[in-house]
1. Within 10 Å of each residue's Cβ, count the other Cβ atoms and sort B:100, A:33, A:12 from fewest upward.
2. For the stretch B:47-172, list log₁₀ I(q)/I(0) at each q in 0.12, 0.13, 0.23 Å⁻¹, using the Debye formula over Cα point scatterers of equal strength and ignoring solvent, two decimals each.
3. Please compute the modelled spin-label separation between residue A:185 and residue B:172, points set 7 Å along Cα→Cβ, answer in nm with one decimal.
4. Report the label-to-label distance for residue A:18 and residue B:200 in nanometres (one decimal), using points 7 Å from each Cα along the Cα→Cβ vector.
5. Looking only at other chains, what is the average number of their beta-carbon atoms within 10 angstrom of each beta-carbon in B:95-108?
6. Could you list the residues of the stretch B:25-48 with an amide nitrogen less than 19 Å from a label point located 7 Å from the Cα of residue B:102 in the Cα-to-C-beta direction?
7. Counting other beta carbons within 10 Å of each residue's own, what order do B:188, B:61 fall into, fewest first?
8. In which sequence would B:80, A:34, B:170, A:17 go, from the one with the fewest C-beta neighbours within 10 Å to the one with the most?
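Readers should treat all values here as calculations from the given coordinates under stated rules, not as data from a laboratory. Just so it is clear, the structure is predicted and the values come from calculations on it, not from any experiment. Please note: Cβ atoms are built from the backbone with ideal geometry, for glycine as well, and neighbour counts cover all protein chains shown.
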């Protein structure tokens, strides 16, 4: 039961959808995150059976409460949590209750600082906003959003989930582009009027580039019929 | 695929040899930009056909499309050799329009020339793969021959088992160093010449007949 409404004290299990629209009892939108070890004896709430959607959302709600969480979380469950250890709080707390939660939490945690500040600045969130948030946010969006914030600051953890590889923006995109260039590109357009050529690629490819376009496209002449038969 | 391609190449070479022995050999004139390829091509064409192949220029990448001069008959020692000369765009790994701006060219023209030059390199490489039976590799003997482009192209030519003649051009210029080129590619014979002045062309024709006849 890691989440507690800071206004009325109602508690919610980790990943609860209810709290995403605000506290159903008092409408409050600030929640305190309680580490699993602290709340375990109160009401063990396994999170393994929860749908991933709600599970992934938990970091964002965690974030809202992270400032208070730091105050309330005892040293018992996590060693020396300092001010920038929101990530640690997220990561260590759910380990017993969220066995299926992978790196997205850890990644999202990096974004916590700035994210939670935004949230705190918002004094009130009306019903429409709350509803929109609870209805629309999908795990993918959450993943993307969290990575956007952490752009460039850190690369995904080695064990990160598959989606991070395919749609994860920035950190590695330049490396990836370079790698792709090296692997596939025979003509690299550095800028208009500036080209780099991979002679071996040009020599090796059967089709023949006959016209470069301004916008980076190019026209090729396909191999003749004999060549196609061979392939 | 590689196997099939190799097989195709082998078959086409055998059939070429069997049925097209009298067809003129296509000799590609290759080399980096501004080595004097077109000057040489024009010299050969004028000497034996009276026509030119294409315009020459001191601006790099003047030749941006491969140009062919067919049925050039060269007579050496009572023997006739017929070749098709393919003058190819200069091969390079980088093309930058800025290098043309120094030649009083507007930016738009320079960018277009740069794009065409890049297409030309692609075309030259394609010809090398598909369409030439031998190579005349032209180098400016006043410049360092140890470049990536030269090494790569000579390597490709060797891997294709194409007969290759290396010409150390621009011997009329003061900084010419033919020996440096001979040292760079000791596995090939290096012939000095000045395509512009026509110096040592006799030896060049003799070697062309010998290599490509």
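1. Working: B:100 23, A:33 29, A:12 20.
Fewest-to-most Cβ neighbours within 10 Å comes out as A:12, B:100, A:33.
2. So the normalised log intensities are -0.54, -0.63, -1.53.
3. 4.2
4. Using points 7 Å along Cα→Cβ, the separation is 9.4 nm.
5. Working: counts 7, 6, 5, 2, 0, 1, 1, 0, 0, 0, 0, 0, 2, 1.
Taking all residues of B:95-108 together, the mean is 2.
6. Of the residues in the stretch B:25-48, B:32-37 have backbone N under 19 Å from the label point off residue B:102.
7. Numbers: B:188 17, B:61 21.
Placing the least packed residue first, the sequence is B:188, B:61.
8. On the way: B:80 10, A:34 23, B:170 27, A:17 14.
Ordered by Cβ neighbours within 10 Å, fewest first: B:80, A:17, A:34, B:170.
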